[in-house]
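J.: Here it is, the structure, as structure tokens.
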Amino acid sequence: SEASVTRGFVVSMVRGTSNAQSGRHEGVCVITVKQLTFAGSLSSASREAYHSFVSIHGRLHSCRQCSYVTKDKGNMKKHIHRHTGERPFQCHLCPAAFFRDSDLTRHLRTHTGERPFSCNQCGASFSQQGGLRGHMLTHTGERPFSCDHCSASFSKKANLIRHKRCHTGERPFPCGHCNASFSQRDHLVNHVHRYHTRKLT
């Protein structure tokens, strides 16, 4: 299908030169993009937009906005969305939208309940591969996440983050009904239930 450039796409460009022998394209481009969608083969307009974000050296595609480099043009197109802010992969069941199709695939499992990653030791299943990797540590006893303030270590990074708050004093969960704040979300839930639920009913 033809690439589409949606409304809000404004380009001001000074064209550069193209070296046919080296396959290298050079130019200086100034571009303002509110929404930009790349799909399938590039039209001439979106090809210019692509080169305003990307410099090509042989087979390497280098992002002009950051240090990202890849040989795969498709990966680069997806990467560009992070700079434009566009999230072209829309969930048809809720308002969520994503930079990459793989992120949408993972998200859809929250709606379908699909859990394709299974533990071969206990049968537990997970919607994401990272969940299975973390679960496997409960079987091996491995605790790769160590506190740099004390000797505590954890099998999950999230547990380490929660633990570190006892050293830093951070309380990122404020009560919306009083001035209390808490280091853990469940402490906030218990507080609201204990002190504010009766007042709200």
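J.: Take the residues in segment 140-167 that are loosely packed, with under 14 Cβ neighbours inside 10 Å and modelled with pLDDT under 90, then tell me which one is farthest from Ser183 (Cα to Cα).
T.: Thr140
J.: Output the residues belonging to segment 191-200 that are surrounded by 12 or more Cβ atoms within 10 Å (Cβ to Cβ) and assigned to a helix (DSSP H, G or I).
T.: Restricting attention to segment 191-200, the residues satisfying the condition of being surrounded by 12 or more Cβ atoms within 10 Å (Cβ to Cβ) are 191-192, 195-196.
Across segment 191-200, the qualifying residues are His191, Val192, Tyr195.
J.: For segment 108-120, state whether one or more residues are in contact with a Pro (Cβ under 9 Å, 6 or more places away or on another chain) and among the charged types (D, E, K, R).
T.: Yes, segment 108-120 contains at least one residue that is in contact with a Pro (Cβ under 9 Å, 6 or more places away or on another chain) and among the charged types (D, E, K, R).
J.: Which residue, of Gln129, Gln121, is touching a Phe, Trp or Tyr at 6+ places or on another chain (Cβ under 8 Å) and either within 29 Å of Phe154 (Cα to Cα) or of a type in the set (D, E, K, R) (or both)?
T.: Gln129
So that you can scan it fast, the table gives a plain yes or no per residue for (1) without any contact (Cβ under 8 Å) to a residue 24 or more places away in the chain; (2) in a loop (DSSP other than H, G, I, E, B); (3) within 19 Å of the chain's Cα centre (by Cα):
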| site | (1), (2), (3) |
| --- | --- |
| Lys77 | no, no, yes |
| Glu86 | no, yes, yes |
| Cys94 | yes, yes, yes |
| Gln121 | yes, yes, no |
| Thr138 | yes, no, no |
| Ala158 | yes, no, yes |
| Arg162 | yes, no, no |
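J.: If you check Phe154, Phe126, Phe98, Phe182, which single one turns out to be within 30 Å of Tyr68 (Cα to Cα), free of Cβ contacts under 8 Å to residues at least 40 places away in the same chain, among the aromatic types (Phe, Trp, Tyr) and outside the structural domain of Cys66 (by TED's automatic domain parsing)? So that I can check it myself, show each step before the final result.
T.: Details: Phe154 fails: within 30 Å of Tyr68 (Cα to Cα); Phe126 fails: within 30 Å of Tyr68 (Cα to Cα); Phe182 fails: within 30 Å of Tyr68 (Cα to Cα).
Of the residues listed, the single one that is within 30 Å of Tyr68 (Cα to Cα), free of Cβ contacts under 8 Å to residues at least 40 places away in the same chain, among the aromatic types (Phe, Trp, Tyr) and outside the structural domain of Cys66 (by TED's automatic domain parsing) is Phe98.
J.: Yes or no: Arg143 outside the structural domain of Lys77 (by TED's automatic domain parsing) and under 30 Å from Met76 (Cα atoms)?
T.: Spelling it out, it is not the case that Arg143 is outside the structural domain of Lys77 (by TED's automatic domain parsing) and under 30 Å from Met76 (Cα atoms).
J.: I've got another one for you. Please go through segment 168-187 and pick out each residue that is part of a helix (DSSP H, G or I) and closer than 27 Å to Gly130 by Cα. Talk me through it step by step, then tell me what you get.
T.: Taking segment 168-187 as the starting set, the residues that turn out to be part of a helix (DSSP H, G or I) are 168, 185-187.
Selection gives Arg185, Asp186, His187.
The values are calculated or read from the model by the stated rules, or taken from the named source; none is laboratory data. The structure displayed is predicted, hence computed values, not measured ones. Because the Cβ atoms are built from the backbone with ideal geometry, glycine has one as well, and the counts that use them run over all protein chains shown.
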